[in-house]
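These notes are about the structure you will find just below.
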There are 2 protein chains.
Amino acid sequence: MAKKKSGNGISVGVVGSGSFATAIVKMLTENCKTIHWCVRNEFVKGAIELKKHNPSYLTAVLFNLKQLQITTDINELVSACDVIILATPSIYLGKTLEPLNVDLQGKLFVSAIKGIVPEQNDIVAHFLREKHNIGFRSQAVISGPCHAEEVAMERLSYLTVSAAEEENAAKVAKLLESDFIKVNKSSDILGNEYSAVLKNIYAIGAGIAAGLGYGDNFNAVYVSNAIREMELYLDAIYPEPRDVNQSAFLGDLLVTAYSLFSRNRMLGNLIGKGYTVKSAIQSMSMVAEGYYATKSIYEIGKERKLKLPIVNTVYEILYEEKNAEKQFKKLTAKLN
Amino acid sequence: MAKKKSGNGISVGVVGSGSFATAIVKMLTENCKTIHWCVRNEFVKGAIELKKHNPSYLTAVLFNLKQLQITTDINELVSACDVIILATPSIYLGKTLEPLNVDLQGKLFVSAIKGIVPEQNDIVAHFLREKHNIGFRSQAVISGPCHAEEVAMERLSYLTVSAAEEENAAKVAKLLESDFIKVNKSSDILGNEYSAVLKNIYAIGAGIAAGLGYGDNFNAVYVSNAIREMELYLDAIYPEPRDVNQSAFLGDLLVTAYSLFSRNRMLGNLIGKGYTVKSAIQSMSMVAEGYYATKSIYEIGKERKLKLPIVNTVYEILYEEKNAEKQFKKLTAKLN
């Protein structure tokens, strides 16, 4: 794969072919002459090249094939790019990057993944550092609130790009900004990553509550407790002067906990309505990343003796087969 | 009217016959033998006595008439009660209390009103003190998040009661608590009152955005900016150690900005869809209190030189007939 620049001197690639990966490719098409795109397999590659759209996600988004350099080879993509945006579901990241054997020096890895890498039971930033020797200074994180479906419709959305190096945040921001994408910049990589993981757990809980028949009044109280629980967690794990009411924290929680597009909320909703956890997971075609996040965050919370009543409640329902109605009844006494 | 105790030694009355007043009477029926209720006019009184429900609001809530002492005479009600819960729309409060001429010594006035009293262009706490010589120590405030419609359905809701005197907050809490109502206590009367006023303005803005076609991604960013703007306002007007992510602040904002039950959001929605402000107001049968709040808060903000981009945008659309689409486009550049 020839290393094609993006028109602004940077060659950029996207790894993943799910809905958010597709949304990011769409964002990049506004600014970049060429986007390298590493998709899951030859079928997806062939389908995009034939139909000009992703066969499974955001099918209404039509691409100009001249802008795309599609591959299924992660090494080919990474070799060709200065900036690599990772956007696979977190559970596939380990496998996707396993074959990586090219020089990573000078490359910026940007995670748009909101979840825990199951093999490591850890967030992406830690996984990249430990497994692939990619230091925090060579990393950046893209946070929402941003449902891919609304990017497809070009509805105004705000992203936050976090990076230890200010110039890296600026570089990524420049690639993404357009008429319908505004970008905030931050240096709080780990805070933004953990919050994106936590919000998926809270969204599962919001879904459970809705499925059980709790209403809008309760949900508002629930979310106001969730953001305080998130703040407590972030301050304990990674203290930093941060305002959790920034868009990347509260906004991202809101879009996930309130929106009908949210997979995590949907998973919770099915469980609240009486599905078993197993059948709820099976009935969904997309991975609800909050499921894995719940176990990981619960364990960290337990180890650190943090007071996380919502995370603990969701954990007990998902992993200990406890009755959702009873657990939520207990939870309501701990909220305020 | 004989002064009937409520069963726990306190005689309690509710002033107002709208949806929230009716919801409060319902809450009180869980705890009180007798509830004094001052309704708007003889027609409403007669209708409740005949049908056992409010003829216009929450009509599914059936009352046991033996628990109700209904009057249309504010002096009769106030004489009979130790605790008087005010729940009229804010624009009718001045007129409702005008005839008041009985001794108010030792009585607790509890405002469940979320709005500005137009004659004074001020919040209820100030109006009661200035116009009726009711000091802050004889006042309490009830805050949501609490849509009356969900109280009617006995869906779990959390209220916050604020009072300068802790025992007063506890007294009111005890009257309201039940299987479906939980109550937080606070001493921040003015913070809670101003936030309830502000959230109505933000709900109008959320409605305008939705009417204009902005989506969930934007709304999440908008609300996360709104809560920060609210914090800035409250800290400037009435500094106090407070966490705006408490249910009475963030929760109340969320339920109003997200819920379809919200009148303020509905008003904004109509304007966003292209109705003129006048026709939008006329097409709604209930008063959207945020309309009056917008003018008052805008003026205070201007006087104090506060940076309130959302309040200012809503003001310009409501009062200066500026184009909603253009003003929101400008606003999007100020959010982050």
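With respect to the conditions (1) in contact with a helix residue (DSSP H, G or I) (Cβ under 6 Å, 6 or more places away or on another chain); (2) over 24 Å from residue A:151 (Cα atoms); (3) modelled with pLDDT under 95, residue A:115 falls short on a single one, namely (2). No other residue among A:287, A:311, A:277 is closer than 13 Å to residue A:198 by Cβ and among the β-branched types (Val, Ile, Thr) apart from A:311.
Exactly one of (1) within 14 Å of another protein chain (Cβ to nearest Cβ); (2) assigned to a helix (DSSP H, G or I) is unmet by residue B:245. Its number? In the conditions (1) within 14 Å of another protein chain (Cβ to nearest Cβ); (2) assigned to a helix (DSSP H, G or I), residue B:245 misses (2) alone. Does residue B:2 satisfy being within 17 Å of the chain's Cα centre (by Cα) and either surrounded by 17 or more Cβ atoms within 10 Å (Cβ to Cβ) or modelled with pLDDT under 95 (or both)? No. Annotation: residue A:196 fulfils all but one of (1) closer than 24 Å to residue A:122 by Cα; (2) touching a residue at least 60 places away in the same chain (Cβ under 8 Å); (3) touching a Leu at 6+ places or on another chain (Cβ under 7 Å); (4) within 14 Å of another protein chain (Cβ to nearest Cβ); the unmet one is (3). For the range B:201-208, the criterion of being surrounded by fewer than 24 Cβ atoms within 10 Å (Cβ to Cβ) and in a helix (DSSP H, G or I) is met by no residue. Scanning the range A:253-272 for residues that are more than 7 Å from chain B (Cβ to nearest Cβ) and touching a Lys or Arg at 6+ places or on another chain (Cβ under 9 Å) yields A:253, A:256, A:257, A:264. Does the range B:175-187 include one or more residues that are of a type in the set (Lys, Arg), out of contact with any Phe, Trp or Tyr (no Cβ under 8 Å at 6 or more places or on another chain) and farther than 30 Å from residue A:333 by Cβ? Looking through the range B:175-187, none of the residues is of a type in the set (Lys, Arg), out of contact with any Phe, Trp or Tyr (no Cβ under 8 Å at 6 or more places or on another chain) and farther than 30 Å from residue A:333 by Cβ.
For (1) in contact with a strand residue (DSSP E or B) (Cβ under 8 Å, 6 or more places away or on another chain); (2) surrounded by 21 or more Cβ atoms within 10 Å (Cβ to Cβ), each residue gets a yes or a no:
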| position | (1), (2) |
| --- | --- |
| B:246 | yes, yes |
| B:257 | no, yes |
| B:273 | no, no |
| B:276 | no, no |
| B:289 | yes, yes |
| B:305 | no, no |
| B:314 | no, yes |
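When restricted to residues that are among the hydroxyl-bearing types (Ser, Thr, Tyr), in a helix (DSSP H, G or I) and more than 15 Å from residue A:214 (Cα to Cα), the range A:250-285 contains 2. Looking at this structure, is residue B:112 crowded, with 24+ Cβ neighbours inside 10 Å and within 22 Å of residue B:200 (Cα to Cα)? Against the criterion (crowded, with 24+ Cβ neighbours inside 10 Å and within 22 Å of residue B:200 (Cα to Cα)), residue B:112 qualifies. State whether one or more residues within the range B:302-311 are of a type in the set (Asp, Glu), without any contact (Cβ under 8 Å) to a residue 12 or more places away in the chain, more than 20 Å from residue B:189 (Cβ to Cβ) and away from chain A (no Cβ under 13 Å). Yes, because at least one residue in the range B:302-311 is of a type in the set (Asp, Glu), without any contact (Cβ under 8 Å) to a residue 12 or more places away in the chain, more than 20 Å from residue B:189 (Cβ to Cβ) and away from chain A (no Cβ under 13 Å).
Would it be correct to say that residue B:130 is more than 14 Å from every other protein chain (Cβ to nearest Cβ), at pLDDT below 95 and farther than 27 Å from residue A:215 by Cα? No, not satisfied.
Can you name the residue in the range A:46-82 that is of a type outside the set (Lys, Arg) and farther than 21 Å from residue A:19 by Cβ and, of all such residues, is surrounded by the fewest Cβ atoms within 10 Å (Cβ to Cβ)? Step through it out loud before you land on a result.
Step one: of the range A:46-82, the residues of a type outside the set (Lys, Arg) are A:46-50, A:53-65, A:67-82.
With the extra rule that they be farther than 21 Å from residue A:19 by Cβ, the set shrinks to A:73, A:75-76, A:78-82.
Values: A:73: 12, A:75: 14, A:76: 16, A:78: 23, A:79: 17, A:80: 22, A:81: 26, A:82: 16.
Ranking the qualifying residues of the range A:46-82, first place goes to A:73.
Evaluating residue A:117 against the criteria (1) of a type outside the set (Ser, Thr, Tyr); (2) under 24 Å from residue B:335 (Cα atoms); (3) more than 14 Å from chain B (Cβ to nearest Cβ) leaves one unmet condition, (2).
Please go through (1) surrounded by 16 or more Cβ atoms within 10 Å (Cβ to Cβ); (2) free of Cβ contacts under 8 Å to residues at least 40 places away in the same chain; (3) under 27 Å from residue B:178 (Cα atoms) for residue B:93 and return the number of the only condition it doesn't satisfy. Here residue B:93 clears every test but (3). Is the range A:210-228 home to any residue that is touching a helix residue (DSSP H, G or I) at 6+ places or on another chain (Cβ under 6 Å), touching a residue at least 40 places away in the same chain (Cβ under 8 Å), of a type in the set (A, V, I, L, M, F, W, C) and away from every other protein chain (no Cβ under 13 Å)? Taking every residue of the range A:210-228 in turn, none turns out to be touching a helix residue (DSSP H, G or I) at 6+ places or on another chain (Cβ under 6 Å), touching a residue at least 40 places away in the same chain (Cβ under 8 Å), of a type in the set (A, V, I, L, M, F, W, C) and away from every other protein chain (no Cβ under 13 Å).
The set of residues in the range A:12-30 being within 14 Å of the chain's Cα centre (by Cα) and part of a helix (DSSP H, G or I) consists of A:19, A:20, A:21, A:22, A:23, A:24.
Scanning the range B:231-242 for residues that are within 14 Å of chain A (Cβ to nearest Cβ) and free of Cβ contacts under 8 Å to residues at least 24 places away in the same chain yields a total of 2.
Please go through the range B:286-307 and give me each residue that is hydrophobic (A, V, I, L, M, F, W, C), part of a loop (DSSP other than H, G, I, E, B) and over 17 Å from residue B:206 (Cβ atoms), ordered by number. Before the answer, list the steps.
Going residue by residue through the range B:286-307, those that are hydrophobic (A, V, I, L, M, F, W, C) are B:286-288, B:293, B:297, B:300, B:306.
Checking the rest, the ones that are also part of a loop (DSSP other than H, G, I, E, B) come to B:286-288, B:306.
Listed by number, the residues that qualify are B:286, B:287, B:306.
If you filter the range A:139-183 down to residues that are in a loop (DSSP other than H, G, I, E, B) and more than 9 Å from chain B (Cβ to nearest Cβ), you find that the one that is surrounded by the fewest Cβ atoms within 10 Å (Cβ to Cβ) is A:179. Just one of (1) within 24 Å of residue B:336 (Cβ to Cβ); (2) of a type in the set (S, T, N, Q); (3) in a helix (DSSP H, G or I) fails for residue B:192. It is (1). Remark: pairs (first residue in the range B:53-80, farther than 21 Å from residue B:95 by Cα; second residue among the aromatic types (Phe, Trp, Tyr); Cβ separation under 7 Å; 6+ apart in sequence or on different chains) = B:53/B:63; B:68/B:37; B:69/B:37.
The values are calculated or read from the model by the stated rules, or taken from the named source; none is laboratory data. Just so we're clear, the structure is a prediction, and the values are computed from it rather than from any experiment. Every residue, glycine among them, receives a Cβ derived from its backbone with ideal geometry; neighbour counts consider all protein chains shown.
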